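What follows is calculated from the coordinates using simple rules that are stated; it is not laboratory data. Here the structure is a predicted model, which means the values were calculated and not measured. Counting neighbours? That spans all protein chains shown, and the Cβs are built from the backbone with ideal geometry, glycine included.
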Amino acid sequence: MATILVHISLLAYAAGAAAFLTWLVKPDARWVRSGRLLLLAGLALHVGAFLAPADTNLATIGLGAGNWKGGQLFSLLAAITVAGYLILDWRYDLPVAGAFVAPFTVAVMVPAHLVPSTARAIAPQLYHSIALRIHVGAAAVGTGILALAFGLALLYLASEKQMKTKRPGRLFARLPSLDLIDKAGYRLAVWGFVFLSLAIATGSLASHEATGHALPFAPKQGFAILAWALFASLIQARLVAGWRGRRVAFLVITGFVLIIGTYVGLLTAPALHVAGTV
Amino acid sequence: MTFLCVGLSHKEAPIAVREQLAVPLEQIGERLEKLRKLPGVREALLVSTCNRIEVYAIADSRGVGEDILGELGPIAAPHAKCRFDEEGVKHLFRVAASLDSMVVGEAQILGQVKEAAALAHQAGAMGAEINRALAAAVRAAKRVRTETEIARGAVSLSSVAVRLAHKLLGSLERRSVLLLGAGEMAQLAARELRSEGASELLVANRSPARAEELAREISGVPVSLAELPTLLERADVAICSTGAAHHVVTRELMARALKARRYRPIFLVDLTLPRNVDPSVNELENVYVYDLDDLERVAAQNRDLRALHVDKAEEIVEEELRAYFARLHERKSMPVLARLRAYAEGVARQEAEKTLAALNGLGEKERKSVRAMAAAIVNKLLHAPTARLRAEAGQGPLGEAAAALFGLEDEPGPQPVPMPVPDPAPDPAPAPLPEPDPEPAVLPLVRNG
């Protein structure tokens, strides 16, 4: 049941992505409306899948005990990104970001559902760890938010380049103002930073529960700490020196690449959530 | 009856002619009355803008066009153009859709046409025919606006500057605009920024007296040019047209101001030659400098973009025109159909009632059956002729032939045949009524532009 729901929601996301991309070529507001509705419908089904009984429960989406399947975390990430986008769009009216988010969601979801899920073990002492549950939840929410910030940073750079070189391209008329992209991107970076901090703190607790080491040295932890430091300095530079625009966009992009690094570290680690120990 | 369009536009006459012919708003009613009094004119609409003066009319014959031309005045005659029927209607569609405008895609013309319609209504010169054509033209124009990009992008320099300011800063509310110098285009842009919500308008000039005078004119605040470094810290948009022969805003000055303003973005518009803003200022982070050439390039690009979509807009107009004429022809064929049906049904009812009166002792059920039979015979007999007349849509000879054959020519319209029976029982086979007019009887009168 849950699997079918996820498949239908993936179809809705794909259709939503197609609607947003069509809108870029054919500026008819109906495409944006259908894109939003499709994403919303996809999200509802997706959340339904997470809540559906039987073959899914919190464990199977990566929150804690049981066998962790490769796809579920990415699935959760996709759902969070879509939810984040819909909130962002409702607040700032940013259909052009939809043209980035919807295909991104599909790109995250498709491999998650096509790749055969390989069960990977979680250290038995973490089966009931609250810290681990919070850690995984916060990491997924934080990554979703930072993915949106990353998208906005790319949008900012593209838009800024057109403004600076004085050669507005085909999509210029449909891009939101630079100021809005900058502000929205910065706010997302701050929220992403909050969740990233929470994920690192609870991850450290979980690691301590499992191995006795609060901060084991491994690629995943290394990337996470680097990303955290980078976002911390970004916020500091904005608050103290008023950094904005290109500089902030570049920092957000670098930060997100580091976050991706933690996922690569996660996938290549010999065991989950207790990297460097098993 | 003929649809006429008599007049001239920027394509036919130079501005010197147009300005003499232009009819002020308050005189349009009067002129329409004169036009309406011309022999043969049934309905009239007068569109007078700075780029065109055109009379659209429904008249008895094409010859009436000459009289309308005479009414426009002798200066108009050598330039004016008369368009008849389909050509005239097409022109109305193209005008409303802004395809005949000097700046293709400009938004004002549709409002101006609607305003002309409102005035014609007030003057009692508007009738059903022009109204129908106008409603269809407005619909086509709206489709053109929403389905193509011909109205996208600003094409005048000051509006390009305002659009770019929006692109950089979003809403201009609570933004500060600095006007350096008193060039005319700079004033225009400043006014436009102000009307877009800019909360502060700082006016700096080498002569403090001139600054004060200008500030009063455009409701700004006079400031001293000597404070330029501080002003650059404060303003979000600066429009420069000082007439100085050197760079007023140098890279060094801007770099210092930028730090003080904590890298908040600033938009500098340089409207003078030689330039007032050092072009290298554009290299600074979050500073955007646009000079006359840059603005002109964006405007030209927008114009090209509009031109790309003209074909699509023309297609929409053609499509709507075809639909309009199809409806018109159908409407023309309708009276014959309706009269034919009313005539046949009247005969059937009369005969049925005559028969019923002669037959005594029939129950209500039987009486109903007899009436139903009479109605069914009419329906069966008229089925094929109705289909053919509809298919012909008033263009072929059958409509006239049917009218002649059944002696329907003299009737002005479908006349109700007296119903001798007070039987409220519903007709078992109700006759199809002529289709309702798909267009509203009166155009919504929206005044704008």
Seminar exercise, completed: Extension length gain for B:K312 and B:K380 (0.36 nm per residue less Cα distance), in nm, is 19.9 nm
Seminar exercise, completed: Here the relative contact order (percent) of the range B:2-150, from C-alpha pairs under 8 Å and at least 6 apart, is 31 percent
Exercise. Per residue of A:173-183, what is the mean number of Cβ atoms on other protein chains within 10 angstrom of that residue's Cβ?
Worked result: 4
Exercise. Using a basic spin-label model with each label point 7 Å from the Cα along Cα→Cβ, how many nm lie between B:E129 and B:K259?
Worked result: 7.7 nm
Exercise. Taking the range B:259-355, which GluC sites (Glu not before Pro) meet the DSSP loop condition and have no more than 15 other C-beta atoms within 10 Å?
Worked result: B:E285
Problem set entry | Test item: B:254-265 mean partner chain Cβ contacts at 10 Å | 3
Exercise. Hey, in the GNM for chain B with a 10 angstrom Cα cutoff, which one of B:E192, B:E54, B:E252 fluctuates hardest?
Worked result: B:E252
Problem set entry | Table column - 3J(HN,Hα) (Hz), the range B:324-330, Karplus curve with 6.51, -1.76, 1.60, x for Gly and Pro | 5, 5, 4, 5, 4, 5, 4
Exercise. If the viscosity is 0.692 mPa s and the temperature 37 °C, what Stokes-Einstein diffusion coefficient in µm²/s follows for the range A:155-278 when Rh is the Kirkwood radius over Cα pairs?
Worked result: 202 µm²/s
Exercise. So which chymotrypsin sites (Phe, Trp or Tyr not before Pro) in the range A:158-231 are both in a DSSP loop and have at most 11 other Cβ atoms within 10 Å of their Cβ?
Worked result: A:F217
Exercise. Can you list the lysines whose alpha carbon sits under 22 Å from that of B:K368, skipping same-chain ones fewer than 8 residues off?
Worked result: B:K354, B:K380
For this session: Starting from the eigenvalues of the Cα gyration tensor, five times each then square-rooted, give me the equivalent ellipsoid semi-axes of the range B:119-224, largest first, whole Å.
Result: 41, 19, 11
For this session: Specify the inter-centroid distance of the range A:73-106 and the range B:99-148, based on alpha-carbon positions, in whole Å.
Result: 41 Å
For this session: Provide the per-residue ³J(HN,Hα) series for the range B:51-57, in order, calculated from phi with Karplus coefficients 6.51, -1.76, 1.60 and θ = phi - 60°, each as a whole number of Hz, with x at glycine and proline positions.
Result: 9, 7, 9, 9, 10, 9, 9
For this session: Could you list which residues have their amide H under 5 Å from that of B:L179, counting only those 5 or more apart in sequence or on another chain, with H placed in the peptide plane?
Result: B:L202, B:V203, B:A204, B:I239
Exercise. Is there a simple number for the mean count of other chain Cβ atoms within 10 Å of the Cβ of residues in B:164-171, and what is it?
Worked result: 5
Problem set entry | Label-point separation, A:A241 to A:S197 (7 Å along Cα→Cβ), nm | 2.1 nm
Exercise. Among rounded, prolate and oblate, which fits chain B when a ≥ b ≥ c are the square roots of the eigenvalues of its C-alpha gyration tensor, a/c under 1.5 means rounded, and a/b larger than b/c means prolate?
Worked result: prolate
Exercise. What residue among B:K354, B:K11, B:K167 has the largest mean-square fluctuation in a Gaussian network model of chain B, using Cα springs under 10 Å?
Worked result: B:K354
Seminar exercise, completed: From the Cα centre of the range A:237-252 to that of the range A:164-192, the distance in Å is 14 Å
Exercise. Can you tell which of B:H121, B:H247, B:H309 shows the greatest fluctuation in a Gaussian network model of chain B with Cα springs below 10 Å?
Worked result: B:H247
For this session: Using only alpha carbon pairs under 8 Å that are at least six residues apart, calculate the relative contact order of chain B and give it in whole percent.
Result: 15 percent
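Rounded, prolate or oblate: which one fits the range B:157-298, using the alpha carbon gyration tensor with axes a ≥ b ≥ c (rounded when a/c is under 1.5, else prolate when a/b beats b/c, else oblate)?
The shape class here is rounded.
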For this session: Quick one: grab the alpha carbon gyration tensor of the protein assembly as shown, order the square roots of its eigenvalues as a ≥ b ≥ c, and give me rounded if a/c is under 1.5, else prolate or oblate depending on whether a/b is larger than b/c.
Result: oblate
Exercise. If r is the Cβ-Cβ distance from B:V370 to B:E319 and R0 is 56 Å, what FRET efficiency results, to the nearest 0.05?
Worked result: 0.65
Problem set entry | Computed [θ] at 222 nm, deg cm²/dmol, chain B (DSSP H ≥ 4; -39,500 (n - 2.57); rounded to nearest 500) | -16500 deg cm²/dmol
Problem set entry | DSSP-defined antiparallel bridges as percent of all bridges, chain B, nearest 5 | 45 percent
Exercise. Among B:T386, B:T250, A:T262, which comes first, second and so on when ranked by fewest other beta-carbon atoms within 10 Å?
Worked result: B:T250, B:T386, A:T262
Exercise. Residue-wise, which Karplus ³J(HN,Hα) couplings in Hz belong to the range B:217-229, taking 6.51 cos²θ - 1.76 cosθ + 1.60, θ = phi - 60°, and x for glycine or proline?
Worked result: 4, 10, 6, x, 10, x, 9, 8, 5, 5, 7, 3, x
